[in-house]
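The values are calculated or read from the model by the stated rules, or taken from the named source; none is laboratory data. Since the structure is predicted, the reported quantities are computational estimates derived from the model, not experimental observations. Cβ sites come from the backbone with ideal geometry, for glycine too, and all protein chains shown count toward neighbours. To get the accessible areas, we keep the full protein, side chains included, count just its heavy atoms, and leave off ligands, DNA and RNA. Shrake-Rupley method; radii C 1.70, N 1.55, O 1.52, S 1.80 Å.
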Amino acid sequence: MQHADATIQLAHGGGGRLSQQLIHDVLLPAFGPADGVLHDAALLPSPGQTLAFTTDSYVVRPLFFPGGDIGRMAVIGSVNDLAMAGARPVALSLGLILEEGLPMGTLKRVVDSIREAAEQCGVAVLTGDTKVVERGKGDGVFVNTSAIGVVEHGLTIHPSSVQPGDAVLVSGDLGRHGTAILIAREELGFRSTLESDLAPLHSCVLELIAAGVELHCLRDLTRGGLASGLDEIARGASCTIEVNEEAIPFDPAVDSACELLGLDPLAMANEGRMVVICPAASAELALRHMRCDHPNACQIGTVQESREAHSRHPVHLRNRFGVLRPLELGRGEQLPRIC
């Protein structure tokens, strides 16, 4: 429980344990949902169809990084949140908070990137808002996007659908975004050709649904990385997830940077990777379709019965020697301002 006289820390926005405490102690009691199970997008039943709705804010530093920028991220981030409900994106709102003194050329680059990403994702920017804050009161550009999508299937893609025996898949190698941001900040003198994995996921999800894969749950792995995503799913499903540590794919550059700096690659952020949970019998079909766009897609684990109610560690890693250890959730993001 957080005390009333406590103050907000950067780690409260990092997707780790402090983020979860903030949500569960302050936000969920005020706004719900009543069951406490969070999802990337909310579903809104309406006459004749079901809509999905989501919102997100982007404060990444630097604004431009290898493989993307804040504008492209703001579009793709909300499109991916809709995709995690299996929704086709339809409309987007755009909120810009600009700092006095921002070069007009920088704003033009960001706006052009937003337009190009929206065209790529097939989503229209239909409404928006712009505010300007005094010099020194912002950091160039902050962006908020909200998005609406249409659910055109009968699946319940939600942690509540996860069953013991389900396969746990990932769509590609992990940790690229967080590592690319780390290198782009040039504070550590690293040089690398590594780029962020920033990419839309909705086409892959819609193809899986069209192929008949019985999707039980999806989660895009942003802040907090794989560790946070699996922990949230396991808690929402009241199940235990066991992961084969050797099966988790990482680029050698991510492994090297994390080893040098003592960072946990399992907690490094991504912006174009997802966890797919489906029945074991559908795993090969799912991987066959996922590998058309994501060659490194693979199965990393399985869902099991919960060992105990409200377990502190609902996710466990099995190493190559067969030793099982609990997956520790970090207190906060290892790097602030990564999305």
Exercise. Failed condition for Pro45, given (1) within 21 Å of Ala87 (Cβ to Cβ); (2) in contact (Cβ under 8 Å) with a residue 12 or more places away in the chain; (3) loosely packed, with under 14 Cβ neighbours inside 10 Å, with all others met?
Worked result: (2)
For this session: Pairs only if they're at least six apart or on different chains, beta carbon under 6 angstrom, first in the stretch 66-84 and closer than 20 Å to Ala184 by Cα and charged (D, E, K, R), second assigned to a helix (DSSP H, G or I) and open to solvent by less than 10 Å² (accessible area, probe 1.4 Å); list them, first residue then second.
Result: Arg72/Ala117
For this session: Could you tell me which of the residues Ile97, Ile70 is open to solvent by 50 Å² or more (accessible area, probe 1.4 Å), within 20 Å of Asp112 (Cβ to Cβ), touching a Phe, Trp or Tyr at 6+ places or on another chain (Cβ under 6 Å) and aliphatic (A, V, I, L, M)?
Result: Ile97
Seminar exercise, completed: Selection over the stretch 100-113 where residues are among the small types (Gly, Ala, Ser) and either buried (at least 18 other Cβ atoms within 10 Å of the Cβ) or touching a strand residue (DSSP E or B) at 6+ places or on another chain (Cβ under 9 Å) (or both) yields a count of 1
For this session: Please indicate, with yes or no, whether at least one residue in the stretch 66-82 is over 20 Å from Leu218 (Cβ atoms) and touching a His at 6+ places or on another chain (Cβ under 9 Å).
Result: yes
Problem set entry | the stretch 134-152: number of residues that are open to solvent by 40 Å² or more (accessible area, probe 1.4 Å) and more than 18 Å from the chain's Cα centre (by Cα) | 7
Problem set entry | Residue satisfying all of: in the stretch 17-39; outside any helix (DSSP H, G or I) and over 15 Å from Ala234 (Cα atoms); least open to solvent (accessible area, probe 1.4 Å) among these | Gly32
Exercise. Inside the stretch 56-65, can you point out the residues that are more than 15 Å from Arg223 (Cβ to Cβ) and assigned to a strand (DSSP E or B)?
Worked result: Phe64, Phe65
For this session: Being in contact (Cβ under 8 Å) with a residue 12 or more places away in the chain and among the small types (Gly, Ala, Ser) is the filter; apply it to the stretch 15-38 and report the residue that is nearest to Asn270 (Cα to Cα).
Result: Gly15
